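First the structure, in the form of structure tokens, and then the observations on it.
Quick note: the coordinates plus some simple rules give every number you see, no bench work behind them. Computed from a prediction, not measured in an experiment: that's the story for all the values here. All Cβ positions, glycine included, derive from the backbone under ideal geometry; neighbour counts span all protein chains shown.
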Amino acid sequence: QVQLAESGGGLVQAGGSLRLSCAASGSIFSIADMGWYRQAPGKQRELVAVVTRGRNTNYTESITGRFTISRDNTKNTVYLQMSSLKPEDTAVYYCKADTRFGVVWGQGTQVTVSS
């Protein structure tokens with residue numbers, strides 16, 4: 001099995017930056033794609049960015065050019081560098097891993113952007 005542990009959330013002013021980290025442990029050999037999702041109050045969870053094991057990336061349009069996803073396979077960690085943050089980026093951010101055994105989610109980390 002795979003376990004995911006997110007960190008790096010917090011409170012930041014609009015225009016600021018944060019970096020989220022998601023460390024994987026357990027059966028890491030089984031992990032293919034990893035990604036970040038977010039869920040704002042009263043809204044559905046949505047894809048933010050995804051990175052494949054080969055480091056190909058894909059982003060949702062609303063964050064393109066502001067967020068960067070990266071992956072360090074030697075550390076079994078995926079990062080989300082967030083810049084030029086806006087109040088509408090406020091949400092709980094979840095890490096997700098697609099594994100041989102199924103989909104695994106992290107517990108989530110809160111990101112709050114004040115105006």
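The share of alpha-carbon pairs in the chain lying farther apart than 18 Å comes to 45%.
Between beta-carbons, use under 9 Å as the cut-off and find the net charge around ASP33, counting Lys and Arg +1, Asp and Glu -1. Write down the numbers at each step before the final one.
Values: positive: ARG53, LYS96; negative: ASP98.
Local charge sum for ASP33: +1.
Between VAL103 and ASP72, the C-beta separation translates, for a Förster distance of 22 Å, into a calculated FRET efficiency of about 0.55.
Quick one: plug the Kirkwood hydrodynamic radius of segment 50-115 (C-alpha pairs) into Stokes-Einstein at 25 °C, 0.890 mPa s, and report D in µm²/s. D = 185 µm²/s.
Using 19 Å as the cut-off for backbone N distance, which residues of segment 76-115 belong to the label zone defined by a point 7 Å from the Cα of GLN3 along Cα→Cβ? From segment 76-115, the list is 76-78, 94-109.
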